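Each remark here refers to the structure printed beneath this line.
The values are calculated or read from the model by the stated rules, or taken from the named source; none is laboratory data. A quick note: this is a predicted structure, and the numbers were derived from the prediction, not measured. Cβ: placed from backbone, ideal geometry, glycine included. Neighbour counts: every protein chain shown. Note: areas computed on protein heavy atoms with side chains; ligands, DNA, RNA excluded. Shrake-Rupley method; radii C 1.70, N 1.55, O 1.52, S 1.80 Å.
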Amino acid sequence: MPTPVILDCDPGHDDALAILLAAANPAIDLLAITTVGGNQTVEKCTINARRICSVAGITGVPIATGAAEPLLGSLHIGEYVHGVSGLDGPAWGEPTVQASAEPAVDLIVRLLRDHPEPITLVPVGPLTNIALVLKTHPELIPKIREIVLMGGSIDRGNDTPYAEFNIKVDPEAADIVFRSAVKVTMCGLNVTHQALATPEVLDRFRALDTKLGDLCVELLTFFSASYLRTWGFTSPPLHDPVAVARVIDPSLVECIDAPVVIETMGRYTAGATCVDLHHLSGEPDNTLVAVKLDTERFWDLMIEAVASYA
Ligand code: RIB
Ligand code: CA
């Protein structure tokens with residue numbers, strides 16, 4: 001039976017490929033796509049979700065707009081990585097897929113309430129929407145099967161020396177999520193940096209000789225230039241599809257149990273995910289922390305997903 005999933009995202013180049021993977025793979029029943037401000041403004045992220053669904057022909061999956069700002073403070077966007085549109089690179093036509101008028105939190109709450117079985121939430125952007133659901137409807141926590149997120153890191157950050165972008169944008173939301181009673185799996189930079197879109201990977205997308213395969217090449221070419229310029233990566237890590245892959249086949253992403261707490265106060269460390277690998281803190285093991293990716297099978301899954309679209 002496919003796993004019912006809600007993908008909460010901030011498209012974003014890697015989010016776009018996460019949408020393609022989640023919508024294509026038969027192990028997932030993609031109930032909804034919700035957006036949150038992060039890589040770009042939430043308005044632009046919603047347009048980008050509509051764009052990728054339109055080009056791929058993904059219909060019947062509601063797209064709902066979520067939080068424009070973090071719980072506290074103001075949004076700082078990842079324009080330096082994803083560009084002014086949030087999905088720079090390709091020349092986009094007018095999206096044909098429309099967004100829902102229902103706010104993201106309302107849609108998530110309604111689906112949790114009405115769906116016959118618990119739903120897996122897959123947030124791959126800042127955690128604002130998820131935190132709002134947990135805080136305003138704690139009675140629905142039993143209807144959340146688990147949260148499998150892209151964010152954080154065992155090691156260093158990317159947006160600041162110690163904070164990964166998704167957590168840094170809204171540390172308070174992350175704190176709410178990691179302290180909740182819901183099982184959390186954290187796919188952090190330490191594992192997503194194993195999913196490098198190398199020239200060989202781009203050649204595999206190119207070899208599909210399809211419109212969508214070519215679009216992925218354009219997206220990843222822009223993404224590559226951003227990563228080379230900002231962090232000196234010769235090939236960019238495709239973060240968000242790793243969380244989706246974990247839901248599809250947990251054997252693809254090896255995890256360990258560990259306590260994870262979120263630094264929300266540090267002047268230089270706010271947004272850090274403090275992973276107690278040696279269990280020194282006495283804190284409970286509240287998180288499954290991803291540590292190793294089966295890279296070969298991951299890329300096979302990603303290429304297969306893109307190939308499955310007309
Ligand atoms: O740090 C990487 C994460 O931040 C990814 O989810 C990327 O899309 C951005 O949201
Ligand atoms: Ca993202």
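Structural remarks
- Projecting the Cα atoms of G73, Y162, P250 onto the charge dipole of the chain, computed from C-beta unit charges around the Cα centre, puts G73 farthest toward the positive end.
- Exposure rule at most 14 other beta-carbon atoms within 10 Å, DSSP loop trypsin sites (Lys or Arg not before Pro): the chain longest free segment: 1-155
- Contact order, relative form, for the stretch 184-242: 46 percent (alpha carbon pairs under 8 Å, 6 or more residues apart, mean separation divided by residue count).
- Residues of the stretch 131-172 falling in the label zone of R179, defined by backbone nitrogen less than 16 Å from a point 7 Å along Cα to beta-carbon, are 131-138, 170-172.
- Computed over protein heavy atoms with a 1.4 Å probe, the accessible surface of the stretch 209-300 works out to 47 Å² per residue.
- Solvent-accessible area per residue in the stretch 109-189 equals 35 Å², computed with a 1.4 angstrom probe and all protein chains kept.
- Portion, in percent, of the accessible area of the chain that falls on carbon or sulfur, probe 1.4 Å: 55
- Between the stretch 258-288 and the stretch 95-124, the alpha-carbon centres lie 29 Å apart.
- Per residue, the average separation of C-alpha pairs within less than 8 Å and at least 6 apart gives the chain a relative contact order of 20 percent.
- Lysine pair count for the chain [Cα-Cα under 20 Å; pairs on different chains or 8 or more apart]: 6
- Result for the chain in a Gaussian network model with C-alpha springs under 10 Å: among F205, F178, F233, the largest mean-square fluctuation is at F233.
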